[in-house]
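Some notes on the structure that comes next.
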Amino acid sequence: MEVTRGRCLLQYWLGHRQMTQAEFSRRTGWSKRMVSFFATSQRPMNAEAMYLAAMILDIQMEQLYEWEVLTK
C-alpha cells in the first residue's frame, strides 16, 4: 500500500480560521512567499512545517492535504 499527498488544504484552513496568509506568516516565521507556495501546492510542506501549521490552525497534520491511498 502507498499513500500520496494531493492538493494542499492550507488556504481552506486559513479561511476557516479567518486568518490571512500574512498573519499565518507572522505566526510561523515563514516568508509570505513561502506560505503562498504551500497554499497553492507549489511546494510541499515537510513534516516539521506540517506540525507547526497544524498546531497554529488547531488541526491534525493529516488535514493539511488531500491524501490518496494506492493499493498495489
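Could you check region 1-56 and list, in sequence order, the residues that are open to solvent by 60 Å² or more (accessible area, probe 1.4 Å) and in a loop (DSSP other than H, G, I, E, B)?
Scanning region 1-56 gives Met1, Arg17, Gln18, Thr20, Gly29, Ser31, Thr40, Gln42, Arg43, Pro44, Asn46.
Residues to consider are Gln42, Gln18; find the one that is on the phi > 0 side of the Ramachandran plot and at pLDDT 95 or above.
Gln18
Run down Thr4, Thr28, Thr40 and say which single residue is closer than 28 Å to Lys72 by Cβ and touching a residue at least 24 places away in the same chain (Cβ under 8 Å).
Unique residue meeting the criteria: Thr4.
The values are calculated or read from the model by the stated rules, or taken from the named source; none is laboratory data. All of these numbers come straight from a predicted model, not from anything done at the bench. Positions of Cβ are generated from backbone atoms using ideal geometry, with glycine treated the same way; all protein chains shown enter the neighbour counts. For the accessible areas, the whole protein counts, side chains as well, though only heavy atoms, and no ligand, DNA or RNA atoms are used. Shrake-Rupley method; radii C 1.70, N 1.55, O 1.52, S 1.80 Å.
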